[in-house]
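S.K.: Below is a structure I'd like to ask you about.
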Amino acid sequence: MAASAAAATSLSYHLLAPKPKPRTPCRLSLLSRKPTRAASAISASAASASDFLAPVPSLKSRLAAGDTLYGLFLLSFSPTLAEIAALAGYDYVVVDMEHGPGGITEALACLRALDAARTPAVLRLPEACPVWAKKALDLGPAGLMLPAVESPAAAAEAISYCRYPPRGVRGAAYPIVRASAYGLDDSYVSRCEDDTLIMCQVETAAGIAEVDAIAVVEGVDVVQMGPLDLSASMGYLWDPGNRKVRATLREAEKKVLEARKKKDAAPETNAAYLGGFAMPNDPPEQLKLRGYNMVAGAVDIGLFRKAALENVKRFKEASMEIGEEDGEEEEKEDGYWSE
């Protein structure tokens, strides 16, 4: 099972992974002499290509290895921004169908961009229901995030949406969907449930009251805290940094982390990892220090908004007189700007 958990879940893995070639017997010849510089360069290039084509470690395998994963929420549904986020080095990107304007079709374009850049994609569903889970899983994401889970029973039901019968209620179209490389991946059905990361959002006062029981439900891989919705459910919509909200969140964090410690003594039991969102009053570095295993530190729209505001402000506040050039002590004659 550990080996299957380490396999990549994206289509790019199945299509790009190198096929094994039959070995041929070694023959003594003049070609066995020391390789030239050109041959060494070709070998180095081949090694780099091999690394690129190697399977991407799954989110589950990285969490099991003790990694703290840093992610970005993608609300714009822009494949270009998804690609930039991947190339920037985020460990995962959450394509947000709950609050973003896009649906399955738009999410697919983002998944393709992320797969090409070898970065795992998590799809956040608009609601925890079998129809949305089925359509999302058929795209082949690395993980699924289900919102507003408020009880162990709701968590168990959410897990059932992600599993084929008899363990669940997921509809079967695996011979033709993207998740199985359109039927080219014969191993998909046997490993998909072990590979796919399932994240249950606990984001209300009712859910927080049951968080310790939700964290040990079999199949729940990550409990994702939702501080903004939690503050709203507690009556502090406009004050997410309220002392009472922060105290409630800290108590819930401790319960999930305690469940992880108990798992060390009883490995056969389930205990979810802890995931969360950074907030202005609670930056991502603080979440990492408190023991979070997955930290969503930014939102693409928020990053662009901040950069745009700073860019406009810098221009508007420029104090130079029109026609004056900064740092120029004497005017150049007949010169070009690049000289």
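S.K.: Just how far, in whole angstrom, is region 52-108 from region 145-187 if you go by their alpha carbon centroids?
M.R.: 19
S.K.: Quick one: accessible area per residue over region 160-261, 1.4 Å probe, rounded to a whole number of Å²?
M.R.: On the way: 4610 Å² over 102 residues.
Accessible surface, normalised per residue, equals 45 Å².
S.K.: Next up: Take the residue pairs 135/288; 60/134; 60/288; 134/288 and return only those whose Cα atoms are more than 22 Å apart.
M.R.: In this structure, 135/288; 134/288 exceed 22 Å between Cα atoms.
S.K.: List the pair-distance distribution P(r) of region 169-237, using every Cα-Cα distance, as the percent of pairs falling in each 5 Å bin from 0 up to the bin containing the longest distance, rounded to whole percents.
M.R.: For region 169-237, the pair-distance distribution reads 4, 15, 17, 15, 12, 11, 10, 10, 5, 2, 0.
S.K.: Net charge around residue 232, counting only other residues with Cβ within less than 15 Å of its Cβ (Lys, Arg = +1; Asp, Glu = -1)? Let's see the in-between values first.
M.R.: On the way: positive: 244, 246; negative: 98, 150, 203, 229, 239.
Once positives and negatives cancel, what remains is -3.
S.K.: Tabulate in residue order the Karplus-calculated ³J(HN,Hα) for region 234-244, using 6.51 cos²θ - 1.76 cosθ + 1.60 with θ = phi - 60°, rounded to whole Hz; enter x for Gly and Pro.
M.R.: 8, x, 10, 3, 8, 9, x, x, 4, 4, 5
S.K.: Just check region 74-174 against the gyration tensor rule for me: Cα atoms, a ≥ b ≥ c as the square roots of the eigenvalues, rounded for a/c under 1.5, and otherwise prolate or oblate depending on whether a/b exceeds b/c. Display every interim value, and only then the final one.
M.R.: Numbers: a/c = 2.13, a/b = 1.78, b/c = 1.19.
Prolate shape, in that a/c is at least 1.5 and a/b is the bigger ratio.
S.K.: How large is the dipole of region 82-211 about the Cα centre if only Lys and Arg carry +1 and Asp and Glu carry -1, each at its Cβ, rounded to the nearest 20 debye?
M.R.: Working: 10 positive and 17 negative charges, 69 e Å.
It works out to roughly 340 debye.
S.K.: Can you list the residues, at least 5 places off or on another chain, whose amide H is less than 5 Å from the amide H of residue 201, using H built in the peptide plane?
M.R.: Close amide H contacts, sequence-distant or interchain: 146, 148, 149, 224.
The values are calculated or read from the model by the stated rules, or taken from the named source; none is laboratory data. None of the values given here were measured: they were computed from a predicted structure. Glycine gets a Cβ as well: all are built from the backbone with ideal geometry, and neighbour counts include every protein chain shown. All accessible areas refer to the heavy atoms of the entire protein, side chains included, with ligands and DNA or RNA removed. Shrake-Rupley method; radii C 1.70, N 1.55, O 1.52, S 1.80 Å.
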